[in-house]
Amino acid sequence: MIMSFTQIILEKKPPLAKITLNRPEVLNALSPTLISELRQALNDVGQDQQIKVLVVTGSGRAFCAGADLKFMAQADQRALYDYIQSLDELLFRLECLDKPVIAAVNGYALAGGLELTLCCDLVVASEQAVFGDEHINRSLMPGGGSSMRLPRIIGLRRAKELLYTGDRWDAKRAFEAGLVNMVVPPEKLEEATRELAEKIASKSGFALRLIKQVVNQAMDSDRETLQTLERTAFNLVVSSSEAQEGLRAFLSRK
């Protein structure tokens, strides 16, 4: 099923869903309309019990080249504040979606586009993908969380390098830094992403949801809190019908 929006495309083929940013003429820049539509699509996916994994990608030459600079240049201070607030809320919603999210990065993932990938659980990149923060190149600083999320994903020194220099990294460098999970030829991006999504979707949705919640808090809580959280989540999972069925299947192979 394909749902109609003006700047994104939402496709649902349970157990998978795919959101495509669809402003190729401006490298899928994050306009206020695109942000609003993406939030609507995430709400839809989040409420759909048939969907277990979400893929996010871009149309044309880019995954997402970042904020809509034309809008930002013309907006007043209040409009800019509201824009960054809505972007930040969107990215937090994506990060906390209770289903695994895979970014399929087909081209440029810059500034806000990079921040979008940082909120996804896994990243599959085309060999043609390009990553960079680039805010510093415009005398700006991140507004969508890369100063917070980037060090947690690739480490403090690598994050500072990318943030301070405004450099762009190719897919190979991004993979070596731990920014992406897998690099594939451009013609294999859709296939490789789908295979990974289907593999994850074959697992228990309940367990996946709790694993994501616990792992996402791993950098924010002390060890004792995390152990308690993990133990509580384990007890919930192990008593589920899916887990009990899995245990019985294991025992039947003995």
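The values are calculated or read from the model by the stated rules, or taken from the named source; none is laboratory data. This is a predicted model, so every value here is computed, not measured. Cβ placement follows ideal geometry from the backbone for every residue including glycine, while neighbour counts extend to all protein chains displayed.
Some observations on this one:
- Selected residue [farther than 30 Å from F206 by Cβ, touching a residue at least 12 places away in the same chain (Cβ under 8 Å) and within 20 Å of the chain's Cα centre (by Cα)] from A103, A65: A65
- When residues of the range 4-44 are limited to those that are free of Cβ contacts under 8 Å to residues at least 40 places away in the same chain and among the acidic types (D, E), the one surrounded by the most Cβ atoms within 10 Å (Cβ to Cβ): E37
- Scanning the range 65-91 for residues that are of a type in the set (A, V, I, L, M) and either touching a Ser or Thr at 6+ places or on another chain (Cβ under 6 Å) or surrounded by 12 or more Cβ atoms within 10 Å (Cβ to Cβ) (or both) yields A65, A67, L69, M72, A75, A79, L80, I84, L87, L90, L91.
- Pairs linking a residue in the range 69-96 that is touching a residue at least 60 places away in the same chain (Cβ under 8 Å) and farther than 21 Å from V26 by Cβ to a residue that is among the β-branched types (V, I, T) and in a helix (DSSP H, G or I), with Cβ atoms under 9 Å and 6 or more positions apart or on different chains, do not occur.
- Taken over the range 194-235, residues that are modelled with pLDDT under 95 and surrounded by fewer than 13 Cβ atoms within 10 Å (Cβ to Cβ) amount to 14.
- Inside the range 173-185, residues that are surrounded by fewer than 14 Cβ atoms within 10 Å (Cβ to Cβ) and in contact (Cβ under 8 Å) with a residue 40 or more places away in the chain make up a count of 1.
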